[in-house]
Amino acid sequence: MAKPTVDNALWIRRPHPAAAPTIRLVCFPHAGGSASFFFPVSVALSGSGSGPVEVLAVQYPGRQDRRLDPCIDDIGALAEQIYAALRPWTDLPLAFFGHSMGAILAFEVARLLEERDGIVLAMLFASGRRAPSRHRDEDVHTRDDDALVAELRQLSGTDDALLGDEELLRMILPAMRSDYRAIETYRSVPGATVRCPITVLVGDDDAKSTVAEARDWAGHTTSGCETRVFTGGHFYLTAHRAAVIETISESLLRVAGPRSH
């Protein structure tokens, strides 16, 4: 299969370039989300420009400054594009943080890096998402716009002011529907694993993943796996931002070192 040609600057954002980082954390947004969602993480971990962590964030097509770019409604196709865009950034060890749909994308891109380049992540943070093998039959992407908006309100992942603005809402719904189609039609390859350790983060009242479903990420790594449970729902991380960032920071400081091959 030919490798896709991509504009790396479109896909990968670096809000706060670090002077001499020892590891890069790549953040993968949720369905309908954008790279800017992780700006606070970048401020906390690499905002000074002098720490060991540099934060990158993936910008999917069909939103914000990529609003006119065609959406991609298939996880495999998205993973291929992101993999190609990330290859220039593999000169340092990498860790991935993905929330919700982003956790699955992070997992699939990590698999591509291992299989094609022999690059093993320092850590995969899987947030707000059940394990790849824990399938649910979901059909939000087939519902009408009102039902899709109701889903967004239930999960509380979208600004209420935006949901009340009809013009802005029309702008984000196509990307949201495309993302939902991608994640709801995703099927993990049976027995798929990565060689890096996985840290799972989940809310104890998440409508999209029970704690038990999240713990099953342990079956998708040949290394260690630990689970951190927070109070709250699908977007627990907005209420526990400081604790989540501390968890990331502590884990990265523990595992940062020479990249494994």
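We did not get these values from a lab; they are worked out from the coordinates using the rules stated. This is a predicted model, so every value here is computed, not measured. Note that we place each Cβ from the backbone using ideal geometry, even for glycine, and neighbour counts take in every protein chain shown.
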With runs of 4+ DSSP H residues as the only contributors, calculate the mean residue ellipticity of the chain at 222 nm using -39,500 (n - 2.57) per run, divided by the residue total and rounded to the nearest 500. -11000 deg cm²/dmol
Residues in region 81-108 reached by a label modelled at Ala9 [backbone nitrogen below 13 Å; 7 Å Cα→Cβ]: none
Pairwise label distance in nanometres, Thr90 with Glu226, each label 7 Å out on the Cα-Cβ vector: 2.8
For a quick check: with amide H placed at 1.01 Å from N, whose amide H comes under 5 Å from Ser100's, ignoring anything fewer than 5 positions away on the same chain? Ser127, Gly128, Arg129
P(r) for region 52-103: what percent of alpha-carbon pairs falls in each 10 Å bin, starting at zero? 19, 53, 26, 2
R0 of 30 Å, Cβ-Cβ distance Ala212-Leu253: FRET efficiency to nearest 0.05: 0.55
Over region 8-255, what relative contact order in percent results from Cα pairs under 8 Å that are six or more residues apart? 19
Could you tally the net charge around Phe230, taking each other residue with its Cβ under 11 Å from the Cβ of Phe230, Lys/Arg +1 and Asp/Glu -1? -1
Alpha-carbon centroid distance for the pair region 32-62 / region 214-233, whole angstrom: 23
Antiparallel DSSP beta bridges within the chain, as percent of all bridges there, nearest 5: 10
Thinking of the chain as a set of Cα atoms, what percent of all their pairs are more than 35 Å apart? 8
